[in-house]
Amino acid sequence: MFTKTSLAPAATPAPAMAAWLARARAWRSRLLTAALTLLGLLVLTFFIGRVMPVDPVLAIVGPDADTSTYNQVAAQLGLNKPLYVQFGHYLGELAHGRLGISLLTGNAVSADIARVFPATAELATLAIVIGVLTGVPLGVFAATRHGGWGDNVVRMISLSGYSVPVFWFAMMGLLVFYAWLGWAGGSGRIDLEFDGVVRPLTGFLLFDSAVTGNWAACASALRHVLLPACILGLHTMAYISRMTRSFMLAQLSQEYILTARVKGLPEWQVVWRHAFRNILVQLLTIVALAYGGLLEGAVLVETVFAWPGFGQYLTNSLLLGDMNAVMGCVLVVGIIFVSLNLLSDALYNIFDPRMH
């Protein structure tokens, strides 16, 4: 006797599981894109470095070396092999965590970067904090007084901070606050009397000196870092304030803002709880990109202030034709920007309810 069976529909994942799977696929796509971006960056940098007119072999042996010495050093560096073989060897070394040896210092590139990067990170972090704490309120202030004197003053400050070369601000800052007033600490990261005194824990002088209880060294490091950080912060503030003003103007013209005002809400609630909340996601991207730019683009300020940081190390390596160091630095910069973009995407899920 046959019984009639009904075909049950295939089980579908719960909405929460489906959303989780969708987010996992999106993040997998983002990570794959990030990896391909870094690989493309390495390929481009490697082959551009090999066609540069700067010869790293001559930088080692000097212009008066004979042909046999030149060829011997070129063979030791692997520069006598085809480009694809050199690149494959570099990727193999990179897979084992080795960035090569720097021609500039004779040390491992990874060790050099670990030594110089904290100086730039300390400077850039203070600069972005200054830029955000001043740029965001100024941008909101200008947007709420659109067309008035306050808006014009903020726009003039932003235009000046963004247009005047940052190295000019750096030189004027040294002249006024160091040479004339004696408020700033001058060049370098710390006074000579404290050089080598602070035990390196993280490479961040302010943190290391405070943790070890060397408050005199901490005060010296603070005097040295504040002026270059304020100069970079001024440049960043100009950019952030302009973008904040533009975002806020777009929001303040929306109908929901008019509705909130008609309901009699206080103006500060209309501005900060409604309009500003809706530009927060956009500002995250702006701040992240600005911070990444500070980490790799502070070379002019570092040069003026003799700041032993990442930008100065990259520039010196590029001038010498030290491609191991250049590619290591480029890889670090690429990882920074990719990581900041991924962090921005993650923060979108937190601050933007439409992403849930």
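The values are calculated or read from the model by the stated rules, or taken from the named source; none is laboratory data. Being a predicted model, the structure only gives us computed values, none of them experimental. Using ideal geometry, Cβ is built from the backbone for each residue, glycine included, and neighbour counts are taken over all protein chains shown. Surface areas here come from the heavy atoms of the whole protein model, side chains and all, with no ligands, DNA or RNA. Shrake-Rupley method; radii C 1.70, N 1.55, O 1.52, S 1.80 Å.
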Could you work out the pair-distance distribution P(r) of the range 154-199 from its alpha-carbon pairs, with 10 angstrom bin width and percents rounded to whole numbers? 23, 33, 30, 11, 3
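Ranked highest first by the average count of other Cβ atoms within 10 Å around their residues, in what order do 96-103, 332-339, 20-27, 221-228 fall?
In decreasing order of mean packing, 96-103, 332-339, 20-27, 221-228 become 221-228, 332-339, 96-103, 20-27.
Can you work out D for the range 114-179 in µm² s⁻¹ from Stokes-Einstein, where Rh is the Kirkwood radius over C-alpha pairs, the temperature is 37 °C and the viscosity is 0.692 mPa s? Could you put the intermediate results ahead of the total?
On the way: Rh = 14.0 Å.
Diffusion coefficient, whole number: 234 µm²/s.
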Do me a favour and compute the ellipsoid semi-axes for the range 175-332 from its Cα gyration tensor, root of five times each eigenvalue, largest one first, whole Å. 40, 22, 15
So, with points 7 Å from each Cα along the Cβ direction, the ARG98-LYS81 label distance in nm works out to 1.1
Counting only the backbone N, which residues of the range 283-310 are under 17 Å from the spot 7 Å out from the Cα of TYR348 toward its beta-carbon? 283-290
Over the chain, relative contact order from alpha-carbon pairs under 8 Å, at least 6 apart, %: 26
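What relative contact order, as a whole-number percentage, does the range 101-215 give when Cα pairs under 8 Å and 6 or more residues apart are counted? Could the numbers behind the result be given before it?
Values: 46 pairs, mean separation 23.8, N = 115.
About 21 percent, as a whole number.
Roughly how big is the chain's charge dipole about its Cα centre, with Cβ charges of +1 (Lys, Arg) and -1 (Asp, Glu), in debye to the nearest 20? Working shown, then result.
Details: 21 positive and 18 negative charges, 355 e Å.
The calculation lands at about 1700 debye.
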Can you compute the helix-only [θ] at 222 nm over the chain? Use -39500 (n - 2.57) per DSSP H run of at least 4 residues, normalise by all residues, nearest 500 deg cm²/dmol. -23500 deg cm²/dmol
Can you give the percent of C-alpha pairs in the range 196-236 whose distance is more than 15 Å? 42
Loop sites in the range 150-246: chymotrypsin sites (Phe, Trp or Tyr not before Pro), DSSP, at most 12 other Cβ within 10 Å: TRP183
Considering only protein heavy atoms, what per residue accessible area in square angstrom results for the range 189-277 with a 1.4 angstrom probe? 55
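For the chain, with all protein chains present and a 1.4 Å probe, just round the carbon and sulfur fraction of the accessible area to a whole percent.
On the way: 13460 of 20130 Å².
In the chain, the share of accessible area belonging to carbon and sulfur is 67 percent.
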Relative to the present Cα-Cα distance, how much length would full extension add between ALA65 and ALA35 at 0.36 nm per residue of separation? 6.6 nm
Grab the beta carbon distance between TRP180 and ALA306, set R0 = 22 Å, and tell me the FRET efficiency rounded to 0.05. 0.70
Label points 7 Å out from Cα along the Cβ direction at ARG199 and LEU265: separation in nm? 5.3
Probe 1.4 Å, accessible area per residue of the range 24-108, Å²: 65
Contact order normalised by length for the range 193-331, with contacts defined as Cα pairs under 8 Å and 6 or more residues apart; what percent is it? 14
Can you classify the chain as rounded, prolate or oblate using the Cα gyration tensor, where a ≥ b ≥ c are the square roots of its eigenvalues, rounded means a/c under 1.5, and otherwise it's prolate if a/b beats b/c and oblate if not? oblate
